[in-house]
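Report on the structure given below.
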């Protein structure tokens, strides 16, 4: 069953007749249209792509390959064009992407539809939905897995060069630039996010931006980087130490390593994200580092660098991980003023456990 | 008057007691906090930054420099932490950023506040606002102008190298990669968007992504690239021709050049965006290219690469451009199957006219 057919089945289960997709990765996943702006209206029997002039040719070439897909050009605004299609097709209950559609656009579409008044059953009714396409995207198909596996292999080849980049005297920015060059050489279209290189005390900031601070002998350096390969994102962190290690760094590193291994050991179809996260968290707590680990243990990878599933204490209940999901495992511990350690790999859930897609040092 | 003071004055004029900023560039502009997620609650007498553990240190160092600013850590979710602050401070009418806050988050905050029922005047009431901070951001201060001028100078130095990158036999991707390297060498943190290199017929797609197509002798190539320098975005397009020009390319190029000059001639304090756009559009129409110019003439530049003002036929009425605004002028003409031309420069509105910040070939 193709992606739109699965989405239509989910719509029916949710009591919806149609959905207006406005989040570009969700549009791309469902229809193959790549556009930074636009809408895909998934109706029971057909799909309408709404784009402005910039993406008209691209949308038409997508529609040319699917008999049930047509294109509408947004002349004045996207929302007006979407409303025109909804009025014409009058599909009844129409989902919108509540996690992405801004409230002002929702209100405008609602008001253009003229169905804001309760009880007016003449026109389409907007229903705020969440995670419709995101849940489909979380389980990768064979083609996506092949792409992510290849992307992870290439990212590992960058990881294996980190020791040659992280040389005392070089600034964080210079090291980040070397990582970015290596990503390009490894065949990535571009970094998946701004590369993090945090040296010494800066590594205590989990999301530090690279500064002009030079790496010094005898300190740690945290590197977190990702790449987009054929549209798919992979993500990896390593924490190196340059020169003689302090016992404090070694303790932090060993605790995070142990947490990382414990979380990976927990990953298998049916495991709950809170339990995978909990495995890492328990190890760090045992080492007295409960307070030092403030973020979640992992996040899904795919068309976006942060997607479902979330591996965190606040993950939705009753939603175990499934075979075909790909996500990061990245526990960390951060001690303000001293430094931090994060170790991150990408895993694919397979029958009975998981395959670690990344390696390198 | 500092930025938050101006924002507070605008809030009062809009009948609001407070605003919850959730759009990261608006948070950064107003409070100097740089975080990919978080909220800034601007109350009458004080500001509360709400962040998760990742940005706690960064937020605290911002708060340390301002007596009226404090930090709240979001333990479970950002929205719950925001609601806790609003309940405690009970500011009355609270604006939210309608162009950015997703409708599902708006509904969740509304429901957590428990004030969804009309007439319940006990707690804060959410009001959907738009463009509160965006309008302040549109007029640059002296520091921002200095940064943008320097960024534009550096971008022009990249533009002046384009002839050495766009060599027949090189693929669009290779040429884009050379542009990206030059951006880095010129001191940009990173490209402001994915560099566009569109050769021959591909240049008829205004937002083509670079492909493996090799540039050929005797055809045009459209290059559109930007960089982020010290947090500020600049943007430039050139269309080159390699080898002997066809009369068709020359006609297109001359028409777009003329439209570009006509739009720039229109820019001065008090001019309406629709009239600046109209100046370019009229020239292209006169050359029989009305249909070939499907996008707007320009967009503001600043912390974002697309911001206010919009220079388009659909710009808000009654909002003239003002001294200190910085935006692109980028008319284009695209002929499917044949090719396209776009010429883009960045201008600063000054008394009596504008200063063109970019140059290069």
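Readers should treat all values here as calculations from the given coordinates under stated rules, not as data from a laboratory. What you are looking at is a predicted structure, and each value in this text was computed from that prediction instead of being measured. Positions of Cβ are backbone-derived with ideal geometry, glycine not excepted, and every protein chain shown enters the neighbour counts.
If you wrap the Cα atoms of the range A:3-136 in a convex hull and average its projected area over all directions, you get 7.4 nm².
The three principal axes of the Cα atoms in the range B:139-356 give end-to-end lengths of 47, 41, 22 Å, sorted in falling order.
Report the relative contact order of chain A, percent, no decimals, based on alpha-carbon pairs under 8 angstrom and at least 6 residues apart.
RCO, chain A: 14 percent.
Averaging Cα coordinates gives a centre for the range A:314-361 and one for the range A:14-43; these two points are 29 Å apart. Axis-proximal residue of chain A for the rotation onto chain B, reported as residue and distance in whole Å: A:103, 2, based on Cβ position. For chain A, what is the percent of antiparallel DSSP beta bridges, rounded to the nearest 5? About 75 percent, rounded to the nearest 5. Counting beta carbons within 10 Å around each of A:80, A:72, B:217 and listing the fewest first gives the order B:217, A:80, A:72. Neighbouring Cβ atoms from other chains, within 10 Å of the Cβ of residues in B:60-68, number 0 on average. Rounded to the nearest 10 degrees, the angle from helix B:3-13 to the longest Cα principal axis of chain B is 70 degrees. Against chain A, whose longest principal axis comes from its Cα atoms, helix A:142-159 is set at around 30 degrees. In the range A:3-136, Cα pairs under 8 Å separated by at least six residues give a relative contact order of 24 percent. Inter-copy label distances for residue B:261: 7.3 nm (label point placed 7 Å from Cα along Cα→Cβ; shortest first).
Taking 7 Å steps out from each Cα toward its Cβ at residue A:131 and residue B:110 produces label points 2.2 nm apart. Mean partner shielding of peptide A:93-103, defined as the number of other chain Cβ atoms within 10 Å of each residue Cβ, is 5.
Once Rg and the Kirkwood radius are both taken over the C-alpha atoms of the range B:244-351, their ratio Rg/Rh works out to 1.00. Across the alpha-carbon atoms of the protein assembly as shown, the computed radius of gyration and Dmax are 25.9, 76 angstrom. Calculate for chain B the 222 nm mean residue ellipticity that helices alone would give, adding -39,500 (n - 2.57) per DSSP H run of length 4 or more and normalising by residue count, nearest 500 deg cm²/dmol. Helices in chain B give a 222 nm mean residue ellipticity of -11000 deg cm²/dmol. Applying 1/(1 + (r/R0)^6) with R0 = 22 Å to the Cβ-Cβ distance of residue B:141 and residue B:64 gives a FRET efficiency near 0.45.
Relative to one another, the C-alpha centroids of the range A:263-289 and the range A:227-256 are positioned 18 Å apart. The alpha-carbon atoms of the range A:121-193, seen along their principal axes, cover 69, 29, 16 angstrom, with the largest extent given first.
The angle separating the long axis of helix B:103-113 from the principal Cα axis of greatest extent in chain B is about 10 degrees.
Beta-bridge orientation, the range A:3-136: approximately 35 percent antiparallel, per DSSP, counting only bridges with both partners inside. Each copy carries a label point for residue A:244 at 7 Å from Cα along the beta-carbon vector; from one copy to the others these points are 7.4 nm apart, nearest first.
Taking the fewest neighbouring Cβ atoms within 10 Å as the starting point, the ordered list for B:242, B:19 is B:242, B:19. Largest mean-square fluctuation among B:220, B:298, B:288, in a Gaussian network model of chain B whose springs join Cα atoms under 10 Å apart, belongs to B:288. Panel order for B:156, B:111, by other beta carbons found within 10 Å of each beta carbon, from fewest to most: B:111, B:156. Each copy carries a label point for residue A:15 at 7 Å from Cα toward Cβ; from one copy, the others' points are 3.5 nm away, ordered from shortest.
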